[in-house]
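Visitor: Structure incoming, see below.
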Amino acid sequence: MEMGKSLLFLLLLISLSLDVIVSANFYNDVDITWGDGRGKILENGQQLQLTLDHTSGSGFQSKNEYLFAKIDMQIKLVPGNSAGTVTAYYLSSQGPKHDEIDYEFLGNLSGDPYIMHTNVFAQGLGNREQQFYLWFDPTLDFHTYSVLWTPNQITYVF
């Protein structure tokens, strides 16, 4: 699937805790756009941590534009009754005909399985949503969720 625009920014809405590790330096590559201290750059710029507390979450935006990428996120979801909490990690261009690649996890009642949602928007058109019932408990530990975005396809890996 081709994405029509090269402008891409990263924004994360996070549930409990998220660690991202890449070879780049987060001090140079991103701006923490919201979170009132819940978003932090650690380990000399090698790690970005976003968290959620009872008041809000946190997010960041890349300083650069990307046409294609591989993004890995390590996410641990909220345990117990998390109904009303949405954890999302998505890539998006700006503008009315935006492009977007989504991973979303909706909170649930204790004991119910977690459902992961994926979606792709191209030129502002979505309706490509898929839902997956996770076969593991995403609240027990961090799990890596990846997007591999190439000129020909978008692959979700989890």
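The values are calculated or read from the model by the stated rules, or taken from the named source; none is laboratory data. Quantities reported herein were computed from a predicted structural model and do not represent experimental measurements. Quick reminder, even Gly has a Cβ in these numbers, built from the backbone with ideal geometry, and neighbours come from all protein chains shown. Note: accessible area is taken over every heavy atom of the protein model, side chains too, but ligands, DNA and RNA are not part of it. Shrake-Rupley method; radii C 1.70, N 1.55, O 1.52, S 1.80 Å.
Visitor: Could you work out how much longer the chain between Leu148 and Thr55 gets when fully extended? Use 0.36 nm per residue separation minus the Cα distance between them, nm to one decimal.
Guide: 30.2 nm
Visitor: For the chain, which whole-number percentage of the solvent-accessible area (1.4 Å probe, protein heavy atoms only) is attributable to carbon and sulfur atoms?
Guide: Of all accessible area on the chain, carbon and sulfur atoms account for 52 percent.
Visitor: Tell me, what is the FRET efficiency for Tyr27 and Glu65 to the nearest 0.05, using R0 = 25 angstrom and their Cβ-Cβ distance as r?
Guide: 0.85
Visitor: Let me ask something else about it. Give me the distance between the Cα centres of the range 74-111 and the range 32-49, rounded to whole Å.
Guide: Using only Cα atoms, the two centres lie 19 Å from each other.
Visitor: Another question, then. Could you give me the ³J(HN,Hα) list for the range 32-44, computed from phi with Karplus coefficients 6.51, -1.76, 1.60 and θ = phi - 60°, whole Hz, x at Gly and Pro?
Guide: Whole-Hz 3J(HN,Hα) from phi for the range 32-44: 6, 8, 6, x, 6, x, 7, x, 9, 9, 10, 6, 6.
Visitor: Something else now. Quick one: grab the alpha carbon gyration tensor of the chain, order the square roots of its eigenvalues as a ≥ b ≥ c, and give me rounded if a/c is under 1.5, else prolate or oblate depending on whether a/b is larger than b/c.
Guide: Because a/c hits 1.5 or more and a/b fails to exceed b/c, the chain counts as oblate.
Visitor: Checking the a/c ratio against 1.5 first, then a/b against b/c, what shape does the Cα gyration tensor give for the range 101-158?
Guide: Verdict is oblate for the range 101-158.
Visitor: A further question on this structure: Order Lys63, Lys70, most accessible first, counting only protein heavy atoms with a 1.4 angstrom probe.
Guide: The residues order as Lys70, Lys63, largest area first.
Visitor: Keeping every protein chain present and rolling a 1.4 Å probe, give me the accessible area per residue for the chain in Å².
Guide: I get 53 Å² per residue for this part.
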